[in-house]
1. Give me the one-decimal nm value for the distance between modelled label points at Ala251 and Arg198, 7 Å along each residue's Cα-to-Cβ direction.
2. For the chain, what is the mean residue ellipticity at 222 nm derived from helices alone (per DSSP H run of n ≥ 4: -39500 (n - 2.57); sum divided by total residues; nearest 500 deg cm²/dmol)?
3. Can you tell me the relative contact order of the range 2-276? Whole percent, Cα pairs under 8 Å, sequence separation 6 or more.
4. What value does the range 1-140 have for Rg/Rh, both radii from Cα atoms and Rh as Kirkwood defines it?
5. Could you tell me which of Val270, Leu92, Leu5 has its Cα farthest along the dipole of the range 2-276 towards the positive end, charges placed at Cβ (Lys, Arg +1; Asp, Glu -1), taken about the Cα centre?
6. If you place +1 on the Cβ of every Lys and Arg and -1 on the Cβ of every Asp and Glu, how big does the dipole about the Cα centre of the range 42-111 come out, in debye to the nearest 20?
7. Picking from Val159, Gly182, Leu110, whose Cα lies most toward the positive end of the charge dipole for the range 97-201 (charges on Cβ: Lys, Arg +1; Asp, Glu -1)?
8. Quick check for me: using +1 on Lys/Arg Cβ and -1 on Asp/Glu Cβ, what's the dipole size of the range 130-208 about its Cα centre, in debye to the nearest 20?
Amino acid sequence: MGDTLRGVLELTRPANCVAAGVLTATGAFVAGVGGALVAAGLAVATTAVAVAAGNAVNDYFDREIDAINRPDRPIPRGAVSPRGALAFSVALFVSAVGLAASLPPAALGLAAVNLVALLTYTTVFKGTPGLGNVLVSALVGSTFLFGGAAVGRLDAPLVLAVLATLSTLTREIIKDVEDVAGDREEGLTTLPIAIGSRRALWMGAASLGAAVVVSPLPYLLGTFGAAYLVVVAIADATMLYAWYESFGDPAAGRAHFKYGTFLATIAFVVGRAALLV
């Protein structure tokens, strides 16, 4: 029973859910929460639950691949049955819809599109070279927009969404390089399998390079204060190093890349706060 409960929790990948919720909260903060605290809170909860649902259904469809790449995941190790994981994900998707129901129309529409995208990624686009990576990256970037839409403003978080999409694309490519063995065994044609790991990583470099070049823009537009430039420079350097590290050790590169994205989120918060003091 204990392993089952732990397995159900692991299906959601709690750290990812919290991280996604933080991105939505950041989008609302940058947009200017004002008196829309309840709407912002609902948006954060919706994001966390939707990500949990997507993670659970992803584990359901990836159970055979995970038996090779990640045998310690809940389904391969027998902690949760495939049917149980599917039922749990459906319950989470329904809960996410319920949480989003009272949000403004723009946020509700964005939530609907993202929920459909989560499902189509797992069932259709995951093994499509490049397209699955782009879809996941856009979903991550949209969390900032969702936070902004919840409080009635989309313009301020837009640049953040673009930056997050570009950098996440690099992280997703690194992850696919790490998973080449299991994906090839399962017959998936991911980007590294289609064009080779080194070429895929260089494509990731192009996306990350674009993000680094664009990263000063929120300061230049007056959205953030000067403190943003300091923190985002550290974040950019961290992600660039993680990309370089991925040529020799994609697992370590992916892990370290997360530090860079965390620092980038801190930069957004610090940059916005600098204009409020």
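What follows is calculated from the coordinates using simple rules that are stated; it is not laboratory data. If you're wondering where the values come from, they're calculated on a predicted model, not measured in any experiment. We place every Cβ from the backbone using ideal geometry, glycine too, and count neighbours over all the protein chains shown.
1. About 2.3 nm separates the two model spin labels.
2. Working: 14 runs with 220 residues, N = 277.
After summing the helix terms and dividing by the residues of the chain, the value is -26000 deg cm²/dmol.
3. Details: 442 pairs, mean separation 53.1, N = 275.
It comes to 19 percent, rounded to a whole number.
4. Numbers: Rg = 15.7 Å, Rh = 15.7 Å.
My calculation of the ratio gives 1.00.
5. Among Val270, Leu92, Leu5, the one farthest towards the positive end of the dipole of the range 2-276 is Val270.
6. Values: 5 positive and 5 negative charges, 21 e Å.
Taking the Cα centre of the range 42-111 as origin, the dipole is about 100 debye.
7. Val159
8. I would put it at about 280 debye.
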